[in-house]
Amino acid sequence: MAASIALPSSISLNSSSFSGLLNGAGAQLGVRNLGRSRVSMAASVGSQTLQSDALFADYKPSSAFLFPGQGAQAVGMGKEAQSVPAAAEFDLLDVCINGPKEKLDSTVISQPAIYVTSLAAVELLRARDGGQLIIDSVDVTCGLSLGEYTALAFAESFSFEDGLKLVKLRGEAMQAAADAAKSAMVSVIGLDSDKVQQLCDAANAEVDDADKVQIANYLCTGNYAVSGGVKGIEAVEAKAKSFKARMTVRLAVAGAFHTSFMEPAVSRLEAKLAETQIRTPRIPVISNVDAQPHSDPETIKKILARQVTSPVQWETTVKTLLGKGLKKSYELGPGKVIAGIVKRMERSADIENIAA
């Protein structure tokens, strides 16, 4: 049984025939009938490129939408979207509802699937009493790794259609880069970032350059993901206890994301981004690369290309939002990873999960 979803009413897709967009592996997502969508993505501020990238430099957040990244997927996601009448515009492939898990977990499937179901969660919220008022109140958005693309789509920096093309290409390029070298990722639990860096240094002292490791995801104190060559990751796992780590958890991903292992993916992303129309976002979108909002479309393109080889600065992003006075946030999409991170950083933080 396929799930049906619709996108926010502010998005307009100018293609009358999108059914052939995702041929091959991408077609398995089963997104159809976008030409009839009621959603519009034409940004009111975004038809021109700004000379300055500082439009949002002094942003003052009060309400935020936060979007998950790869790893949040789970068999059954998308089920709730079926109950929303406005969600009848497209279908999500059966794999999101019924699996198998191994297929849904693959990079080329999970990234587009999470992008689509996260935007479906926006529509679920819209259908709720007072939902439109909440959506209208959001004045900043961001996403974890892949979720940055979802945030940019919500902020009308590019169309849903173009975002899906980018995410599909991103997943394929990252998978190809992972296939080119033996690499992995592991979460280190229970240490601060300085200690994790010392652990990485100790592991790197025992392996060749091809197996070096680094912190790839700065999630929150006590939870950092390390990426690198398989031998380096094994060294991290072997040494973690001696550094007083509570545990390590090997991540079910294709390879060493957010490191130089993903360099082969950059040129493919740059080429796709060069042909994509990107506009100034209507609200600030916080970058994973530098934890800052960007308004210049060309800068956004460069940031997105760099993102796959750069550490994710999520901890700094959340700290900055809270420090600037963020009052309420919503995690939209599968899983509750982001809500857990935010609560770990600030127990009193007001965050709600809207799943699809």
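Numbers below:
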read-out	value
Other-chain or far-sequence residues with amide H under 5 Å of Ile354's (modelled H)	Glu331, Leu332, Gly333
Length-normalised contact order for the stretch 183-251 - Cα pairs under 8 Å, 6+ apart - percent	47
The stretch 201-272 - accessible surface per residue (Å², probe 1.4 Å)	47
Binned Cα-Cα distances of the stretch 183-251, short to long, each 10 Å bin given as a whole percent	26, 62, 12
Within the accessible area of the stretch 183-251 (1.4 Å probe), percent carbon and sulfur	47
Whole-Å distance, taken between Cα centres, linking the stretch 107-162 and the stretch 316-356	15
The stretch 129-288: relative contact order in percent, alpha carbon pairs under 8 Å with at least 6 residues between	35
Thr221/Arg250 FRET efficiency (R0 25 Å; Cβ-Cβ; nearest 0.05)	0.75
Full-extension gain in nm, Ala274 to Leu133, via 0.36 nm per residue minus C-alpha separation	47.2 nm
Quotient of Cα Rg and 2.2 N^0.38 Å for the stretch 219-356, N being how many residues it contains	1.20
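The values are calculated or read from the model by the stated rules, or taken from the named source; none is laboratory data. The structure presented is a predicted model; accordingly, all values stated were derived computationally and were not measured. Methodologically, a virtual Cβ is constructed for each residue, glycine included, from the backbone with ideal geometry; neighbour enumeration extends over all protein chains shown. We work out accessible area using only protein heavy atoms, side chains counted, and drop any ligands, DNA or RNA first. Shrake-Rupley method; radii C 1.70, N 1.55, O 1.52, S 1.80 Å.
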